[in-house]
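Engineer: Before we start, here is the structure in question, set down as structure tokens.
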Amino acid sequence: MRAIKHLTIAAALILTQLAASFAAAPTEAVLSLDLSRPGPAISPYIYGQFIEHLGRCIHDGIWAEKLWDRKFLLALDKSPWQPIGPAGATGGAFLDAAGAYAGEHCLALWRRGEGSGDCGVMQRDIGVIAGKEYAGYAVIAAVSGEPVLEARLSWGDGATEQQTVQLSGLGPEYRRIPFRFKTGGTTESASFSIRLVKPGLAWIGCVSLMPADNVGGMRADVLALIKQLNSPITRWPGGNFVSGYNWKDGIGERDRRPPRWERAWNAVEDNDFGLDEFMRFCAEVHTEPYIAVNTGLGSVRDAADEVEYATSSSHSRWGAERARNGHGKPYQVTWWGIGNEMFGDWQLGNVPVERYALRHNSFVAAMKAKKRDIKIIAVGAPGRWNDTLLPISAAQMDLLSGHHYTERKLKAPFTAEDEAKYESAFPAYSGSVMEGVRRIVADYRQRLGSGNPELDRVRLAIDEWGIVRDWNPAPDGPGVGAFEHYYPLGDALASARALHELIRSADLVSMANWAQTVNVIGAIKASRNYAVLDSVGHLLALYRAQLGGRLVPVKLNAEAPVDAVAAFDRKTGCLSLGLVNYSPAEEVVLSLKTAAGTLPRTAQAWRINGPSLGAINVPGKPEAVTTQTLPAVDLGEPIRLPAHSITVLKGGR
């Protein structure tokens, strides 16, 4: 009986395996390459990035500052700072215009007598790592009595889970008093406080706390990943943010720069990361700057002054200001954007296209009067906007922008039900970002050859493209701040197909900027303590490193779930292929052949994949979506492309 039972089980297993083998039979396809006629050059700028002052893209993303509202803009009942101790006749914490330092007021701490108890302010939800050092300072003036203040960092509730530093050396004038901590635990819920422990009145102009290993004020862990992305050009400061931004608020002594209530995204802007910091960032990560100017609520004069500050000699009015701020030599800034999405009713200062066209021309004339050889990117949008703008302004631009976002709708990490929905809709969804790019390109392509030589000269900058979950700023499950939407592996496949469309459109697309870089719909996700490449980050890093040159025509012979591009780099003699298998479950076996020319015999190979379409990377945890280096591939043999994978091949002749 037992033997019959074992035989039955064995037979069932064999049948199951046979059924699985038939179900899993791979699709076969042939990809033909015509190596005899390489097409247009693929601009390196199509691998650009975009950063904006929104959520935790810059603050606590790129910029290392741990404290929010560090210059005390907000009323304490609306602030991340919580008052500690007594209030009222015996003292307390309050905002005081009499001691205004960076903005319209300072923080005052007042304690009348010994019996009144400590008073101060505290901020919670700060990330710290055990054994790591954190450095900071407070700018303080002792106004009355002999006040004694302490700074405290707590990583737990116990008396041994905190460190306190007395802030000595106070005087009647504002002084910068440093402090330093070394933490004994890891948490993303630490607290920092400043306390008045002896009677007196003290003004605090601002406070700062950063990891001691910051690089010029920037997070070392995030910078390392941005260097891995290796973007050739980065757009800043927005985005919607730019239409309410005065760049002059972001220069000069950092602690004295005025904090503002930022109206595009409704948040405090400390103005710590301004033009000079952006240029330091660009130098650090080896990216070229692309600066957008404020054409919403900003003036022509402010834009011209910004060009002068960035690019003129120290003998000019604003060049001299730059030199006083420690940067004697002019910066190299070639690319300038004339506003952002001025067609949208969500944009501060938006205007009809007829007015924008005239405004664009006025801005360009004033900016080029400061630096003649700068290059200009205009705000574009398919349809009537472009219909009206281009006849008026084509002669005053080098590139025309276009933006596209696809909405995923589902929150990550997926529930089992949502993952099933995502997978069933994936064949269509995987092409949605690509279709958005294609519409922008098609709108412009049909305008060429219409008799306007200035229009024929202009090319496209798709300087915001990507995926959002939706336009609700609430973060996905692992996120912390606004628009921290995580990209599952499937989103990387959809983005790869769109990137292929940009490559296929190399004759018209001169620039593209993934939106965005850190946290906010970002290619990098950073918690308060750790950072990781998102799945899309893996895609961008791999293609930037391995696929460039001139477009090579390719053709797939069968209906297979494969999206392919190829390029030949004449400088290196290398042929590169990008191969996306966008099937959720189907393996594809791909053979290569040449319509003309000779293939390399072997190629280096890399692959991005993960356990499922819904796999995501989370800071501080092992990566689920990875880039693997594969053994060398024989291009004369069929190439197996696993389900839901991205494969890049590169070989020399």
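Engineer: How do the pairs read when you match residues in segment 41-61 that are farther than 24 Å from residue 553 by Cα with residues anywhere that are open to solvent by 20 Å² or more (accessible area, probe 1.4 Å) and part of a loop (DSSP other than H, G, I, E, B), using Cβ under 6 Å and keeping only pairs 6 or more apart or on different chains?
Structural biologist: Final answer for the pair search is 54/265; 55/482.
Engineer: Only one residue in 597, 578 is in contact with a helix residue (DSSP H, G or I) (Cβ under 9 Å, 6 or more places away or on another chain) and over 26 Å from residue 57 (Cα atoms), so which one is that?
Structural biologist: 578
Engineer: Still on this structure: Let me confirm something: among 341, 288, 306, 269, which residue is among the acidic types (Asp, Glu), on the phi > 0 side of the Ramachandran plot and out of contact with any Gly (no Cβ under 8 Å at 6 or more places or on another chain)?
Structural biologist: Values: 288 fails: on the phi > 0 side of the Ramachandran plot; 306 fails: on the phi > 0 side of the Ramachandran plot; 269 fails: on the phi > 0 side of the Ramachandran plot.
Going through 341, 288, 306, 269 in turn, just one is among the acidic types (Asp, Glu), on the phi > 0 side of the Ramachandran plot and out of contact with any Gly (no Cβ under 8 Å at 6 or more places or on another chain): 341.
Engineer: Of the residues in segment 634-653, how many are in a strand (DSSP E or B), farther than 21 Å from residue 568 by Cβ and open to solvent by 40 Å² or more (accessible area, probe 1.4 Å)?
Structural biologist: 1
Engineer: Kindly provide the set of residues from segment 582-606 that are touching a Leu at 6+ places or on another chain (Cβ under 6 Å), in a strand (DSSP E or B) and open to solvent by 40 Å² or more (accessible area, probe 1.4 Å), ordered by number.
Structural biologist: Passing the criteria: only 594.
Engineer: Here is a further query. Within segment 77-103, can you find the residues that are in a loop (DSSP other than H, G, I, E, B), at pLDDT below 95 and either surrounded by fewer than 18 Cβ atoms within 10 Å (Cβ to Cβ) or among the polar types (S, T, N, Q) (or both)?
Structural biologist: Initial filter on segment 77-103 (in a loop (DSSP other than H, G, I, E, B)): 79-81, 85-87, 89-90, 100-103.
Okay, now just the ones that are also at pLDDT below 95, so 85-87, 89-90, 103.
The answer is 87, 89, 90.
Engineer: On to the next question. Report, ordered by the first and then the second residue, all pairs with beta carbons closer than 9 Å, sequence separation of six or more or different chains, a first member in segment 605-617 that is farther than 22 Å from residue 575 by Cα, and a second member that is among the polar types (S, T, N, Q) and open to solvent by 30 Å² or more (accessible area, probe 1.4 Å).
Structural biologist: Filtered contacts from segment 605-617: 609/626; 609/627; 609/628; 610/626; 615/609; 617/626.
Engineer: Return the pairs, sorted by first residue and then second, in which the second residue is of a type outside the set (Ser, Thr, Tyr), the first residue lies in segment 621-633 and is open to solvent by 80 Å² or more (accessible area, probe 1.4 Å), the beta carbons are less than 6 Å apart, and the residues are 6+ apart or on different chains.
Structural biologist: 628/607; 629/606
Engineer: Quick check on segment 216-229: of everything there that is charged (D, E, K, R) and open to solvent by 40 Å² or more (accessible area, probe 1.4 Å), which residue is farthest from residue 49 (Cα to Cα)? It would help to see each step written out before you state the result.
Structural biologist: Step one: list which residues in segment 216-229 are charged (D, E, K, R), which gives 219, 221, 227.
From the residues that got through so far, the ones that are open to solvent by 40 Å² or more (accessible area, probe 1.4 Å) too are 221, 227.
Values: 221: 18, 227: 12 Å.
Only one residue fits best here, namely 221.
Engineer: Just checking, how many residues over segment 104-116 are assigned to a helix (DSSP H, G or I) and open to solvent by 30 Å² or more (accessible area, probe 1.4 Å)?
Structural biologist: Residues of segment 104-116 that are assigned to a helix (DSSP H, G or I), as a first pass: 114-116.
Checking which are open to solvent by 30 Å² or more (accessible area, probe 1.4 Å) leaves us with 114-115.
Qualifying residue count, segment 104-116: 2.
Engineer: Another one. Just a yes or no: is a residue in segment 127-134 in a strand (DSSP E or B), free of Cβ contacts under 8 Å to residues at least 60 places away in the same chain and open to solvent by 60 Å² or more (accessible area, probe 1.4 Å)?
Structural biologist: Just the residues of segment 127-134 that are in a strand (DSSP E or B), to begin with: 127-128, 133-134.
Retained after the next criterion (residues that are free of Cβ contacts under 8 Å to residues at least 60 places away in the same chain): none.
There is no residue in segment 127-134 that is in a strand (DSSP E or B), free of Cβ contacts under 8 Å to residues at least 60 places away in the same chain and open to solvent by 60 Å² or more (accessible area, probe 1.4 Å).
Engineer: Can you pull out every residue in segment 425-458 that is among the hydrophobic types (A, V, I, L, M, F, W, C) and either open to solvent by less than 30 Å² (accessible area, probe 1.4 Å) or not in a loop (DSSP other than H, G, I, E, B) (or both)? Talk me through it step by step, then tell me what you get.
Structural biologist: Our first condition is that a residue be among the hydrophobic types (A, V, I, L, M, F, W, C); within segment 425-458, this holds for 425-426, 428, 433-434, 437, 440-442, 448, 455, 458.
Once the filter is applied, which keeps residues that are among the hydrophobic types (A, V, I, L, M, F, W, C) and either open to solvent by less than 30 Å² (accessible area, probe 1.4 Å) or not in a loop (DSSP other than H, G, I, E, B) (or both), segment 425-458 yields 426, 428, 433, 434, 437, 440, 441, 442, 455, 458.
Engineer: OK, next. For residue 484, only one of the following conditions fails: (1) in a helix (DSSP H, G or I); (2) among the charged types (D, E, K, R); (3) surrounded by 14 or more Cβ atoms within 10 Å (Cβ to Cβ). What is its number?
Structural biologist: Just one mismatch for residue 484, condition (1).
Engineer: Let me ask something else. Here are 10, 23: which of them is within 44 Å of the chain's Cα centre (by Cα), surrounded by fewer than 24 Cβ atoms within 10 Å (Cβ to Cβ) and modelled with pLDDT under 85? Outline the logic, then answer.
Structural biologist: Working: 10 fails: within 44 Å of the chain's Cα centre (by Cα).
Being within 44 Å of the chain's Cα centre (by Cα), surrounded by fewer than 24 Cβ atoms within 10 Å (Cβ to Cβ) and modelled with pLDDT under 85 holds for just one of 10, 23, which is 23.
Engineer: State which residue is most open to solvent (accessible area, probe 1.4 Å) when the search covers only segment 142-162 and only residues that are at pLDDT 95 or above and farther than 28 Å from residue 213 by Cα.
Structural biologist: My answer is 143.
Engineer: Now for a different question. Pick from 506, 474: which is among the small types (Gly, Ala, Ser), surrounded by fewer than 23 Cβ atoms within 10 Å (Cβ to Cβ), assigned to a loop (DSSP other than H, G, I, E, B) and within 20 Å of the chain's Cα centre (by Cα)? Steps first, answer last, please.
Structural biologist: Numbers: 506 fails: within 20 Å of the chain's Cα centre (by Cα).
Testing whether each residue is among the small types (Gly, Ala, Ser), surrounded by fewer than 23 Cβ atoms within 10 Å (Cβ to Cβ), assigned to a loop (DSSP other than H, G, I, E, B) and within 20 Å of the chain's Cα centre (by Cα) leaves just 474.
Engineer: Taking the condition in contact with a strand residue (DSSP E or B) (Cβ under 6 Å, 6 or more places away or on another chain), open to solvent by less than 20 Å² (accessible area, probe 1.4 Å), assigned to a strand (DSSP E or B) and under 30 Å from residue 522 (Cα atoms), does residue 537 pass?
Structural biologist: For residue 537, the condition - in contact with a strand residue (DSSP E or B) (Cβ under 6 Å, 6 or more places away or on another chain), open to solvent by less than 20 Å² (accessible area, probe 1.4 Å), assigned to a strand (DSSP E or B) and under 30 Å from residue 522 (Cα atoms) - is not met.
Engineer: Can you go through 74, 67 and tell me which one is open to solvent by less than 30 Å² (accessible area, probe 1.4 Å) and at negative phi? Even if it seems obvious, please write down each step before you answer.
Structural biologist: Values: 74 fails: open to solvent by less than 30 Å² (accessible area, probe 1.4 Å).
Being open to solvent by less than 30 Å² (accessible area, probe 1.4 Å) and at negative phi holds for just one of 74, 67, which is 67.
Engineer: Give me the pairs: first residue in segment 216-234 and touching a residue at least 40 places away in the same chain (Cβ under 8 Å), second residue part of a strand (DSSP E or B) and hydroxyl-bearing (Ser, Thr, Tyr), beta-carbon distance under 8 Å, and six or more apart or on different chains, which are they?
Structural biologist: 233/290; 234/290
Engineer: Ok, one more. Among the listed residues 545, 567, which satisfies the condition of being outside any loop (DSSP other than H, G, I, E, B) and touching a Gly at 6+ places or on another chain (Cβ under 6 Å)? Full working, then the answer.
Structural biologist: Working: 545 fails: touching a Gly at 6+ places or on another chain (Cβ under 6 Å).
From the options 545, 567, the qualifying one is 567.
Engineer: Does residue 44 satisfy being within 23 Å of the chain's Cα centre (by Cα) and at pLDDT 80 or above? Reasoning before the result, please.
Structural biologist: Values: within 23 Å of the chain's Cα centre (by Cα): yes; at pLDDT 80 or above: yes.
Against the criterion (within 23 Å of the chain's Cα centre (by Cα) and at pLDDT 80 or above), residue 44 qualifies.
Engineer: Right, something else. Assuming residue 213 fulfils every condition listed in (1) open to solvent by 40 Å² or more (accessible area, probe 1.4 Å); (2) not in a loop (DSSP other than H, G, I, E, B) apart from one, which condition is it?
Structural biologist: If we test residue 213 against (1) open to solvent by 40 Å² or more (accessible area, probe 1.4 Å); (2) not in a loop (DSSP other than H, G, I, E, B), just (2) comes out false.
Engineer: Taking residue 408 and the conditions (1) within 19 Å of residue 582 (Cα to Cα); (2) without any contact (Cβ under 8 Å) to a residue 40 or more places away in the chain; (3) of a type in the set (D, E, K, R), which numbered condition does it fall short on, given that it satisfies the others?
Structural biologist: (2)
The values are calculated or read from the model by the stated rules, or taken from the named source; none is laboratory data. Nothing here was measured: the structure is a model prediction, and the numbers come from that model. Backbone-built Cβ (ideal geometry, glycine too); neighbour counts: all protein chains shown. Quick note on the areas: whole protein, heavy atoms, side chains included, nothing else; ligands and nucleic acids left out. Shrake-Rupley method; radii C 1.70, N 1.55, O 1.52, S 1.80 Å.
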